[in-house]
Each structure stands twice: as structure tokens, then as C-alpha cells.
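These notes concern the structure reproduced below.
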Amino acid sequence: MKLFKNISYKKNIAYLFSCAIFFIITSCEEDLTKSKGNENKNFPSEVIKNANIIQRDSGFITLKAKAPLIEKYQLIDSPYTVAKKGIDIQFFDKKNPKVPGTIKADYARIFEYKKFYEAKGNVKITTNEGQKFAMQSVYWDQRKNRIYTHDTVYVTTEDGSTLIGTHGMTAKDDFSEYVFYQNSGDFSTSKLSESKK
């Protein structure tokens, strides 16, 4: 009789032990899912130090970029790439490939899917024709081929003429045409006589 009591007692312990393990595993699974939902996913998935990037199109170099630090955030809904410590870009035009244009800024961010770029902090743009643009921020919508800013823009041409757009500008992304808002300037007399002809 004692043998049967020991067996039934052991069965009860085994049953209770298996139930306890089941509830522990189930409660652990619930805790894991709750903690995963609260995780912050806004951290860089890729970090590049002392980046030196070359972009080509059919063998032709279209862009060279240097940055001390580039971080890619790809685990979020709107992935982007950021250069928090500044960027120095040379862009090349097939019409004049020997003289690149340049863009320098203290900060840059690229939204790859939207094809939208922004540069902030001491932004300096030099076209391959020698025009120099200085502003605090600039935005490039690559899909619309437009560059714009709402900041004051200072433009200097090769001959020393200056133009100031106090309420920003919009331009084609190749700077073949642009519009300044509330502008003033200092032009050389040769430029004024050319415009009257």
C-alpha cells in the first residue's frame, strides 16, 4: 500500500512541477514581448568613421564625399543617413568634369527613400562656374530637382559682384537658374551694361 502512495505522491509532484514550468515559460514569453514593444529602434545600424565616398554613373565620377563620421539609421520607418560632424562634397558635371562644384556644411542628413537632403551650419556651395553661395541651411528635393532655403543667402560671383537674398531662394539643382526673395546687391558696372543690351 505504501508503494502505491509513493507512486501517486510522485505523480502529483511531477504534475505540479510540469504545471509550474508551463506557467513560468508562458509568463516569461509575455514579459519578452512587452519589453520588445518598448525598445528604442532609433540607433545607428551602421557607423562609418573617416568616410571617403565616391559615387559613379556609367564609370563617370559624379560625386566625392568626405566626412569624419557617418551614421545610418535603417531600423525605423523613415530611414536616413546623417553626418553630424560635417561633410565636404565635390560634385562633377559631365559638361565641365575637370572643375568640380563643392558643398561644405557642419551637418547633413539624407532621406534616401524620399530623395531629400538637408545641410545645416555654415553651408558653403561653390558651383563649377565659380559662383559662391553662403547660408545657414539648404534643402535639396532631388525628385523635383530643386534646392531651396528660407535663410539669408549671400552670393558672390567670380568678378566680385555680390547679391543678398534676405528671405531665401529657390534654384534648379544645377544652379542654371535661381530666384531670390527680397534681394539686394552690389554689381560691377560691366554686369549692369551687359544686362541693358
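The values are calculated or read from the model by the stated rules, or taken from the named source; none is laboratory data. Remember, predicted model here, so these are calculated numbers, not experimental data. Positions of Cβ are generated from backbone atoms using ideal geometry, with glycine treated the same way; all protein chains shown enter the neighbour counts. When the accessible area is computed, the model is the full protein with side chains, heavy atoms only, and any ligands, DNA or RNA have been set aside. Shrake-Rupley method; radii C 1.70, N 1.55, O 1.52, S 1.80 Å.
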(request) Count, please, the residues in the stretch 122-159 that happen to be free of Cβ contacts under 8 Å to residues at least 24 places away in the same chain and on the phi > 0 side of the Ramachandran plot. (result) 1
(message) For the stretch 73-90, which positions are open to solvent by 50 Å² or more (accessible area, probe 1.4 Å) and within 10 Å of residue 109 (Cα to Cα)?
(response) 84
(message) Would you confirm whether or not the stretch 47-64 contains a residue that is open to solvent by 60 Å² or more (accessible area, probe 1.4 Å), acidic (Asp, Glu) and at pLDDT 90 or above?
(response) no
(request) State yes or no: is residue 138 touching a Ser or Thr at 6+ places or on another chain (Cβ under 9 Å), within 20 Å of residue 105 (Cα to Cα) and modelled with pLDDT of 85 or more? (result) yes
(request) Return the residue satisfying two criteria in turn: it lies in the stretch 91-130 and is more than 16 Å from the chain's Cα centre (by Cα) and at pLDDT 90 or above, and of such residues it is most open to solvent (accessible area, probe 1.4 Å). (result) 124
(message) Restricting to the stretch 168-188, count the residues that are in contact with a Ser or Thr (Cβ under 8 Å, 6 or more places away or on another chain), part of a strand (DSSP E or B) and open to solvent by less than 30 Å² (accessible area, probe 1.4 Å).
(response) 1
(request) All but one of (1) surrounded by 13 or more Cβ atoms within 10 Å (Cβ to Cβ); (2) over 24 Å from residue 69 (Cβ atoms); (3) touching a Gly at 6+ places or on another chain (Cβ under 8 Å) hold for residue 158, so report the exception by its number. (result) (1)
